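Undergrad: One structure, as structure tokens, below. Some questions next.
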């Protein structure tokens, strides 16, 4: 095991995140703040509470998940695509680094970036909405699982992409719509029955539902369902990303 | 290197095959680079040089054959094999988020070396390659020559036994080319095994002790540079006469004299010993043929290359 190599890659990913801090760290924090003000505090004051908390407090965990999903996918997909595009990834490919170390390094780099963003939003929640997670263990566990899931998807799409625009396909046509209808803004119990049933087919719904439980202690489908679903999706995505890097897919000719 | 198998060559390539779809880029080539050798890998563009290099360093998956580095199979003992090689690729592939000094530290890190273990070496490499003043600059701020030197410094940061350079002087000016040649000679004196691909034939002739010529994925020559010149090219001697001739003088027939088709004053000979030259001059004098000059043209690797591949290097 090349621990120094792995740590070097993680450091490199963090360095990259801080070099483009105005693109990748401040925007999700500021946009969440705006969501909280506009939807949570302004409009939310006219909405009666959901799951026993105010609408703004209900909204916050969904917003955290939204930024975690976006941040984790964006970090790994753009980083690995750029490294492929500039051939800088060859620095690692000719070095004694295994596929496992490369995938873990990229994923861990994404997890660290999203932890930073998620915790900044969590602190905003404490200061502005007086809400804190009720289960810190679950907060961390779901955060890690979801960050790993979307970082792995980022690696998969970052490897498949032929041009930078390809990376946005998953975000624009799948992630963003599914996040918005996946329970960020409302409980599925408030949706028409048909739409509520359709929501159960939305994989992102389970990530938000499981994470919200760490704040409100309540869930639409129950933690016993959402957590294993998230865990299974994460394991599958990580395994596919690992298999692609191990096979040298679009990395080694 | 204590645990390296004894006597194994630095690089041994056995029946290497690499295909891209229906095209066979490398078609069963075998060769060995001995320890401490300065090996030149020549071939026209698309002949399979870079593909072979990529297979050795792990950037290309092979479809057949085996590659060993100091006796270690690059596909099974890849960690140990890769630690022994430093690659200076043709393309600049630096991490654009890192500064010059960081590029060296991070590359060492990928090879498992902690920053504190390589600080002295990084500083020495920056000094050696004239990059100390640019240590905190980003690559975009470097000149082409500096980027080329950084490529070499990065290849050396983990102190490899083998340095592989893919077209190291492509696109650089004459001054830098000579400077890089001197650096490569110094590395050779330090005991490194050096493998060089180039399409500058004179570069290979000036630097390399052994040469492999690859054409359409097949090795068409593999010899010492001297051996190649001896076996595939000949020095040529020209005697320039005061007056043109209609045909080569019959008394010089046993020296295989030819009349230059473009200049009837020139008689050309291959492999004429000094004794044979004096005899030829005496025979010409006896026949009253005045001689104005005698010139020898040394055979070059370019002649060998053209003879073996039937085309120029580019």
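Bear in mind these aren't lab numbers, they're just calculated from the coordinates by the rules spelled out. For clarity, every value in this text was computed on a predicted model and none was experimentally measured. Backbone-built Cβ (ideal geometry, glycine too); neighbour counts: all protein chains shown.
Undergrad: In bins 5 Å wide, starting from 0, what share of all Cα pairs of chain A does each bin hold, as a percent?
TA: 1, 6, 14, 18, 19, 15, 11, 8, 5, 2, 1, 0
Undergrad: Compute the long axis of helix A:223-246 from its Cα atoms, compare it with the longest principal axis of the Cα atoms of chain A, and write down the angle in degrees, 0 to 90, nearest 10.
TA: Helix A:223-246 sits at roughly 20 degrees to that axis.
Undergrad: P(r) of chain B in 20 Å steps, Cα pairs, percent per bin?
TA: 28, 45, 21, 6, 0
Undergrad: One quarter of the convex hull surface, Cα atoms only: what value does that give for region B:234-298 in nm²?
TA: Computing the convex hull of the Cα atoms and averaging its projections yields 4.0 nm².
Undergrad: I've got another one for you. Where Rh is the Kirkwood radius over the Cα pairs of region A:159-249, the temperature 20 °C and the viscosity 1.002 mPa s, what D in µm²/s does Stokes-Einstein return?
TA: Rounded to a whole number, D works out at 145 µm²/s.
Undergrad: On to the next question. Just how far, in whole angstrom, is region B:139-200 from region B:65-131 if you go by their alpha carbon centroids?
TA: Measuring centre to centre over Cα atoms gives 13 Å.
Undergrad: On a full-extension model of 0.36 nm per residue, what is the gain between residue B:258 and residue B:19, subtracting their alpha-carbon distance, rounded to one decimal in nm?
TA: 81.4 nm
Undergrad: OK, next. Efficiency by 1/(1 + (r/R0)^6): what FRET value for residue A:47 and residue A:225, r their Cβ-Cβ distance, R0 = 45 Å, to the nearest 0.05?
TA: It comes out at approximately 0.95.
Undergrad: Sticking with this structure for a sec: Say each of residue A:249 and residue B:78 gets a label point 7 Å from the Cα, pointing the same way as Cα to Cβ; how far apart are those two points in nm?
TA: Between residue A:249 and residue B:78, the simple spin-label model gives 1.6 nm.
Undergrad: Let me ask something else about it. How large is the helix-only mean residue ellipticity at 222 nm for chain B, computed as the sum of -39500 (n - 2.57) over DSSP H runs with n ≥ 4, divided by its residue count, in deg cm²/dmol to the nearest 500?
TA: Dividing the helical sum by the residues of chain B leaves -10000 deg cm²/dmol.
Undergrad: Under a crude label model (7 Å from the Cα following the beta-carbon direction), how far is residue B:61 from residue A:135 in nanometres?
TA: 4.2 nm
Undergrad: Same structure, new question: May I ask for the angle, rounded to the nearest 10°, between helix A:55-85 and the longest principal axis of chain A, with both axes built from Cα atoms and the value confined to 0 to 90°?
TA: The answer is roughly 10 degrees.
Undergrad: Find how many whole Å separate the alpha carbon centroid of region A:38-98 from the alpha carbon centroid of region A:175-253.
TA: If you average the Cα positions of each part, the centres end up 13 Å apart.
Undergrad: Obtain the nm distance between the two label points defined at residue A:165 and residue A:3 by a simple spin-label model: each point lies 7 Å from its Cα along the Cα-to-C-beta direction.
TA: Each label point is offset 7 Å from its Cα along the Cβ direction, giving 4.6 nm.
Undergrad: Using the count of nearby Cβ atoms within 10 Å as a rough guide to exposure, how do B:147, A:163 rank from fewest to most?
TA: Exposure proxy ranking, most exposed first: A:163, B:147.
Undergrad: Something else now. Can you give me the convex hull volume of the Cα atoms of the protein assembly as shown, divided per residue and expressed in Å³?
TA: Cα convex hull per residue, to the nearest whole number: 195 Å³.
Undergrad: Tell me, what is the FRET efficiency for residue A:186 and residue A:22 to the nearest 0.05, using R0 = 41 angstrom and their Cβ-Cβ distance as r?
TA: Given R0 = 41 Å and the Cβ-Cβ separation, E is 0.85.
Undergrad: By how many degrees, between 0 and 90 and to the nearest 10, does the Cα long axis of helix A:136-160 differ from the longest principal axis of chain A?
TA: With both axes taken from Cα atoms, the answer is about 50 degrees.
Undergrad: Please list, by residue number, everything in region A:84-122 whose backbone N is under 19 Å from a paramagnetic label point 7 Å out along Cα→Cβ of residue A:33.
TA: Under 19 Å, as judged by backbone N against the label point of residue A:33, lie A:114-122 of region A:84-122.
Undergrad: Go from 0 up to the bin containing the longest alpha carbon distance in region B:150-283, width 5 Å each, and give me the % of pairs per bin.
TA: Calculated over all Cα pairs of region B:150-283, the distribution is 2, 8, 14, 15, 11, 10, 9, 10, 9, 7, 4, 2, 1, 0 percent.
Undergrad: Got a sec? How would A:59, A:34 order by Cβ neighbour count within 10 Å, fewest to most?
TA: Final ranking by Cβ density, sparse to dense: A:34, A:59.
Undergrad: Further question: Which FRET efficiency, nearest 0.05, do residue B:96 and residue B:186 yield, Cβ-Cβ r, R0 22 Å?
TA: 0.15
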